[in-house]
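The values are calculated or read from the model by the stated rules, or taken from the named source; none is laboratory data. Since we're looking at a predicted model, the values are computed, not measured. Here Cβ is always computed from backbone atoms with ideal geometry, including for glycine, and neighbour counts include all displayed protein chains. Just so you know, the surface numbers come from the protein's heavy atoms only, side chains and all, with ligands and any DNA or RNA stripped out. Shrake-Rupley method; radii C 1.70, N 1.55, O 1.52, S 1.80 Å.
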Amino acid sequence: MIFTVFLLFIGSILAFWISAICGGGASLILIPILNLIIPTSIVPFSLTIGTFTSSASRIAAFRKSVHWKIFFWFVPFSIPAVLIGAYFIKFINPIYLQIIVAVLLIANVPQLFLNKKQQDKEEKPSPKYILALVGFLAGFVSGITGAIGLLFNRFYLKYGLTKEEIIATRAANEIILHIIKLVIYILLGLYSRNALLLGLTIAFASIISSYTVKYILPLFSDFAFRKVGYAAMVISGITLFYSSAQKIIQQDKVQLTTTNKGDKNETALKWRNSDFVLEYSLDGEFEIERPIEPQELPKNLLEKYNKISPNYDKINLEKVFKIGEESYEFYCYKGSVLTKLEF
């Protein structure tokens, strides 16, 4: 455990350095690491301890660069949203939201190929209602995952702020959210001793990072700062998508199998207790099949099922979806003989 904490400490310093250069995202860099150490449901608690400390130390280091207009429109809408998000963490598996966040991050790939003139053309202050909407969404996502950095970094980059203003304004916007989240997580019991230890490790690392990064930022132009920011968003998205997908495959027992049946190729997807089968025949026809229970049959087919079921040992039912039509298949077993009926 000591070695793990040491690696997390070093990794957190590097992550918060990268976060400052990119305009945010240390938490999304750390999520895949924490997912390997503690349960997903208490990862937000550890992250929030670290990100709260990071925000406080960045405000102290860059206090003259806070953009107060953004702050006063962002925070009032983010506070109720973070309460809603933290409440829904009891009902929404954060790992699925992380997949959505990952896809949104990867969607920033086109920004990597814009030149300075194109990039400058896209940058302009957003209307006040956009500031309010971003504040609400940032609060909601943060309440569930404990992280919002890189996901909303594109908003700050396109607003036309300098790199120092991005760092300071984000920190001011988020520090109140972090306090609220910590209180909610504790009240909901979404913490543990190990989560607290890891959170304090991240917090100490963030303080060191905030006061040393001031000597790194001047090495980057605003254009380079933005390019690094978009690149970090895409890379973190790919990393987050992979780690979250692996977690989903393990916890939901996702299996994908492919078999060849004469003139048809059949691909079966198993997820939790559900099976989905995709069939592709040589004539170019696609079918999706789903196992169903007798009570899901239409009334006329349910009567048919009840009438023939005494004649067989077992009957497996499938609903078949084709473009523009639906049908049903009965797989009737008697001894070693299989009879297939289609309706």
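So if I check each of L161, L182, L190, which one is touching a Phe, Trp or Tyr at 6+ places or on another chain (Cβ under 9 Å) and open to solvent by less than 30 Å² (accessible area, probe 1.4 Å)? Working first, answer last.
Values: L161 fails: touching a Phe, Trp or Tyr at 6+ places or on another chain (Cβ under 9 Å); L182 fails: open to solvent by less than 30 Å² (accessible area, probe 1.4 Å).
L190 is the lone residue from the list that is touching a Phe, Trp or Tyr at 6+ places or on another chain (Cβ under 9 Å) and open to solvent by less than 30 Å² (accessible area, probe 1.4 Å).
Residue by residue through region 1-15, note down the ones that are more than 21 Å from R154 (Cα to Cα) and open to solvent by less than 10 Å² (accessible area, probe 1.4 Å).
First pass over region 1-15, keeping only residues more than 21 Å from R154 (Cα to Cα): 1-14.
Result: L8, S12.
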Q. Quick one: which of F52, F113, F62 is under 27 Å from V234 (Cα atoms), of a type in the set (F, W, Y) and over 26 Å from the mean Cα position of the chain (by Cα)?
A. F62
Q: Quick one: K334 ticks every box in (1) open to solvent by 90 Å² or more (accessible area, probe 1.4 Å); (2) more than 37 Å from the chain's Cα centre (by Cα); (3) within 16 Å of E289 (Cα to Cα) except a single one, so which number is it?
A: (3)
Q: Could you check, for region 120-127, whether at least one of its residues is open to solvent by 70 Å² or more (accessible area, probe 1.4 Å), modelled with pLDDT of 75 or more and part of a helix (DSSP H, G or I)?
A: no
Q. Which residues, counting only those in region 308-329, are assigned to a strand (DSSP E or B) and surrounded by 12 or more Cβ atoms within 10 Å (Cβ to Cβ)?
A. I315, N316, L317, E318, K319, V320, F321, K322, S327, Y328, E329
**Q.** Sole residue being among the hydrophobic types (A, V, I, L, M, F, W, C), modelled with pLDDT of 70 or more and more than 25 Å from the chain's Cα centre (by Cα), chosen from F72, F77, F136, F88
**A.** F72
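Across region 16-26, which residue is modelled with the highest pLDDT among those that are open to solvent by less than 10 Å² (accessible area, probe 1.4 Å) and touching a Ser or Thr at 6+ places or on another chain (Cβ under 8 Å)? First the steps, then the outcome.
Our first condition is that a residue be open to solvent by less than 10 Å² (accessible area, probe 1.4 Å); within region 16-26, this holds for 16, 19-20, 22-26.
Adding the requirement that they be touching a Ser or Thr at 6+ places or on another chain (Cβ under 8 Å) leaves 16, 19-20, 25-26.
On the way: F16: 86, S19: 77, A20: 79, G25: 65, A26: 75.
Applying the filter and picking the extreme gives F16.
Would you check which residues across region 66-96 are part of a helix (DSSP H, G or I) and open to solvent by less than 30 Å² (accessible area, probe 1.4 Å) and list them? So that I can check it myself, show each step before the final result.
Looking only at region 66-96, we keep the residues that are part of a helix (DSSP H, G or I), and these are 68-88, 94-96.
Residues satisfying the conditions are I70, F74, V75, S78, A81, V82, G85, A86, P94, I95.
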(Q) List the residue pairs whose Cβ atoms are under 6 Å apart, where the first residue sits in region 1-18 and is within 14 Å of L34 (Cα to Cα), the second is of a type in the set (G, A, S) and open to solvent by less than 50 Å² (accessible area, probe 1.4 Å), and the two are 6 or more positions apart or on different chains. (A) F9/A205; S12/A205; A15/A26
Q. Scanning for something part of a helix (DSSP H, G or I), surrounded by fewer than 21 Cβ atoms within 10 Å (Cβ to Cβ) and free of Cβ contacts under 8 Å to residues at least 12 places away in the same chain, does region 195-211 turn up at least one residue?
A. no
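Quick test for you: out of I106, I49, pick the one residue that is over 24 Å from L133 (Cβ atoms) and out of contact with any strand residue (DSSP E or B) (no Cβ under 7 Å at 6 or more places or on another chain).
Details: I106 fails: over 24 Å from L133 (Cβ atoms).
Exactly one residue qualifies, and that residue is I49.
Considering region 330-343 alone, what residues qualify as being over 17 Å from L297 (Cα atoms) and not in a strand (DSSP E or B)? Break it down stepwise before answering.
At the first step, the residues of region 330-343 found to be over 17 Å from L297 (Cα atoms) are 333-339.
Result: G335, S336.
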